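What follows is a single structure, written as structure tokens, with notes after it.
The values are calculated or read from the model by the stated rules, or taken from the named source; none is laboratory data. Remember, it's a predicted structure, so these values are computed and weren't measured experimentally. Cβ atoms come from the backbone with ideal geometry, glycine included; neighbour counts cover every protein chain shown.
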Amino acid sequence: MKQSHPFLNSYFLDEHGRRCYAEPSVYEKVAKLLGTPKSPKILPFVKVFKQGEAISIALFVADKTQKIPQAWQLTLESGEILTGKCKRNTIHLPNNLPLGYHQLSLGDSNANCRIIITPERAFQPTELAEKKKLWGAILQLYTLRSEQNWGIGDFGDLAEFLTRLAEKGGHFVGLNPIHSLFPANPEGASPYSPSSRLWQNILYINVGAIEAFQQSQEAQAWFYSNEIQRQLNEARQKEYVDYSQVTWLKLEGLRLAYRHFCQQDQSQFEQFIAENGEPLKVQGTFDALHQWLSSQFSEQWGWSSWDVKYQSYHTASVQQFQVEQSDLVRFYMWLQFIAQQQLQACNQLAKQLGMPIGFYRDLAVGVADNGAETWADKDLYVLGASVGAPPDIMAPQGQNWGLSPMHPEVLQERGYQPFIDLLRANMKDCGALRIDHILGFARLWWVSKGDSAKNGAYVKYPLEDLLSILALESQRHQCLIIAEALGTVPEGMLEALEDKGILAYNIFYFEYDNQGSKPLENYPYQAMTTLSTHDLPTVQGYWKGYDFELGQKYGVYPNEEVLHILRDTRHSNKEAIRRAVESVQILEPDSAGITQVFNHQLQSYVADTNSVLFGTQPEDWLNMLEPVNIPGTSTEYPNWRRKLSQTTQAIFADEKVQQLLDTICQKRNK
């Protein structure tokens, strides 16, 4: 096969900017996964335009001499109908079409084309136009501790954290992805490998806040029994989230609450079911079936481990299960109803507190290959491929993230509807959306299942179309967009994001210029700046080189030479940072260890960033050492489990933390 597939790049750029071409056999494998591109139809499936620009759509006609004098009809989203005639095999539409999704049809043929009219830019709060500087906290929600939660941070803890941060003048809280995981496989805890990105993680439900739980005598008797109180206290005291214990406790409590709820008015719940239709039924069925199978058989990790008759949502056996186990399916749909109510309450609280953003949600780059999203739509997801990253100095074998990619051509055939649904699900009930690895809007590294991650190729996605739709949905939801674009960034990508009014995501440790650590006044305004993320060490860990110690222990680095290079680079970077900090303020010596004073001094320095958003992590307020995640490990390290060392109440009562937050607030408001 010639290396000319329209959806494939034949090479990638390594960290030195050199072109690395795929082996012909690798290229052919990935091209086979994509399949032969379909022949063009008289009308394309979808066309995306900016509002106000001239709109002309050329008809595809095999015989160029043939003229098609057919009439066209455009049905606007509002229901209004516009008509006209083709001229020289081209349809010219008015350039004043309203924003939104419209349907173009051609004469007597079955030819249809979705016309999407998009705004110039994504939504931005008025504070950006006023050039204000905002600040907030970046949270892994499950790490929050309280005297009330059941061993994992929940929506009740989020409400408390929002309240406390707003009292200190904070403008936002950033969350990890809260996508639906696998309740029947609780140890599959990575928020970045979800079962579905359309629904919530039910473990974040605050069970004690549910009215039906409070009103049920049976539930209250169970809750206050000695054994359950002992287990709850034990779960709270653990340094790491025990997902199996937490899931058992929450599902037991939720079943008792649901039993009582079933005797009450169902009208709101019925409305929720009606509004959310088939996608909700898919999620409820998947979780119910997963639980039902796991109660009978071992190792039922996801649908690919199930009996073949249950391996697709569309089989007769699944339909039979929905009938026979309808109450179990309804229970899991009810859990989504409760999760959405509680998330909505947090968003309303943030607005009442006067927070201009409130909290942002995080959209993961993909989904697990054995979860609800892929189970229900095997035409959209390419199950023979895994998404990852090409080889680099840290991972010479490449990276395989075990996520299934959407097929770009199928996405276009459907008028981008799956992408639109995804954005709408994640822009609900929040003030902003962070998009993890937005580089995937331009290209994704596909690897054939079972092959080494180095044997992959970049598959192209329609960047301009996807960014334009993102801007449209952002405006409709009044949702600020933050784009994480770390790594080797395609040429023109950062400019495209800036033009669309999308905030960049800057990590202080990665920002250098020819003189050393980049001056904070030179950071772009349309951006968010943070010291660290869930994939990086804490501040103390960074300065101690603790990430190198752990990486060596768990076999993350390919060889000693790479580790030596990384350590040398870290040493130089730390010196450059120290010079930059000490040119404007004091930075305590770090030779005797990294104290809370040092940590707070560094955070106070970065708070002067020119970026509109400054985000800081509570683990760094507390000068914690252990990371929440070590990239390149799976079960070797307890990723996505490490809690904060103190409760939210204790954190905000800490005088040193109060001083830090006051300093940040003053700097951002000056």
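Suppose we filter GLN601, GLN540 for residues that are surrounded by 15 or more Cβ atoms within 10 Å (Cβ to Cβ), among the polar types (S, T, N, Q) and free of Cβ contacts under 8 Å to residues at least 40 places away in the same chain; which single one remains? Explain how you work it out, then say what you get.
Working: GLN540 fails: free of Cβ contacts under 8 Å to residues at least 40 places away in the same chain.
Checking each option against the conditions leaves just GLN601.
Given the conditions (1) surrounded by fewer than 19 Cβ atoms within 10 Å (Cβ to Cβ); (2) modelled with pLDDT of 95 or more, report the number of the one that GLN397 does not fulfil.
(2)
Give the residues of the stretch 605-631 that are within 18 Å of GLN659 (Cβ to Cβ) and of a type outside the set (A, V, I, L, M), sorted by residue number.
Passing the criteria: TYR605, ASP608, PHE614, THR616, GLN617, PRO618, GLU619, ASP620, TRP621, ASN623.
Quick check on my filter: what residues within the stretch 109-143 are touching a strand residue (DSSP E or B) at 6+ places or on another chain (Cβ under 9 Å) and either without any contact (Cβ under 8 Å) to a residue 40 or more places away in the chain or closer than 17 Å to GLY52 by Cβ (or both)? Break it down stepwise before answering.
Taking the stretch 109-143 first, the residues touching a strand residue (DSSP E or B) at 6+ places or on another chain (Cβ under 9 Å) are 111-120, 122-125, 127-128, 133-141, 143.
Once the filter is applied, which keeps residues that are touching a strand residue (DSSP E or B) at 6+ places or on another chain (Cβ under 9 Å) and either without any contact (Cβ under 8 Å) to a residue 40 or more places away in the chain or closer than 17 Å to GLY52 by Cβ (or both), the stretch 109-143 yields ILE115, ILE116, ILE117, THR118, PRO119, GLU120, ALA122.
For (1) under 18 Å from GLN336 (Cα atoms); (2) crowded, with 16+ Cβ neighbours inside 10 Å; (3) touching a strand residue (DSSP E or B) at 6+ places or on another chain (Cβ under 8 Å); (4) hydrophobic (A, V, I, L, M, F, W, C), each residue gets a yes or a no:
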| site | (1), (2), (3), (4) |
| --- | --- |
| LEU232 | no, yes, no, yes |
| GLY284 | yes, yes, no, no |
| GLY302 | no, yes, yes, no |
| SER305 | no, yes, no, no |
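Scan the stretch 294-326 for residues that are part of a helix (DSSP H, G or I) and either of a type in the set (Gly, Ala, Ser) or free of Cβ contacts under 8 Å to residues at least 12 places away in the same chain (or both) and jot them down. Spell out how you get there, then give the answer.
Kept after step one, since they are part of a helix (DSSP H, G or I), are these residues of the stretch 294-326: 294, 303-305, 308-310, 316-324, 326.
Hits for the stretch 294-326 are SER294, SER304, SER305, VAL308, LYS309, ALA316, SER317, GLN319, GLN320, VAL323, GLU324, SER326.
Within the stretch 375-386, how many residues are buried (at least 24 other Cβ atoms within 10 Å of the Cβ) and over 16 Å from SER190 (Cβ atoms)? Give the steps one after another, and end with the answer.
So the first thing to find is which residues in the stretch 375-386 are buried (at least 24 other Cβ atoms within 10 Å of the Cβ), and the list is 375, 382, 385-386.
Filter once more, keeping what is over 16 Å from SER190 (Cβ atoms): 375, 382, 385.
Residues in the stretch 375-386 being buried (at least 24 other Cβ atoms within 10 Å of the Cβ) and over 16 Å from SER190 (Cβ atoms): 3 in total.
Could you check how many residues of the stretch 446-476 are within 25 Å of LYS32 (Cβ to Cβ) and among the β-branched types (Val, Ile, Thr)?
2
Looking at (1) at pLDDT below 95; (2) part of a loop (DSSP other than H, G, I, E, B); (3) surrounded by 15 or more Cβ atoms within 10 Å (Cβ to Cβ), which is the only condition GLY487 fails?
(3)
For GLY501, state whether it is small (Gly, Ala, Ser), more than 25 Å from LEU33 (Cβ to Cβ), surrounded by fewer than 21 Cβ atoms within 10 Å (Cβ to Cβ) and in contact with a helix residue (DSSP H, G or I) (Cβ under 9 Å, 6 or more places away or on another chain).
Working: small (Gly, Ala, Ser): yes; more than 25 Å from LEU33 (Cβ to Cβ): yes; surrounded by fewer than 21 Cβ atoms within 10 Å (Cβ to Cβ): yes; in contact with a helix residue (DSSP H, G or I) (Cβ under 9 Å, 6 or more places away or on another chain): yes.
Criteria met by GLY501.
The conditions are (1) surrounded by fewer than 16 Cβ atoms within 10 Å (Cβ to Cβ); (2) under 22 Å from LEU175 (Cα atoms), and SER591 fails exactly one of them. Which is it?
Status for SER591: all satisfied but (2).
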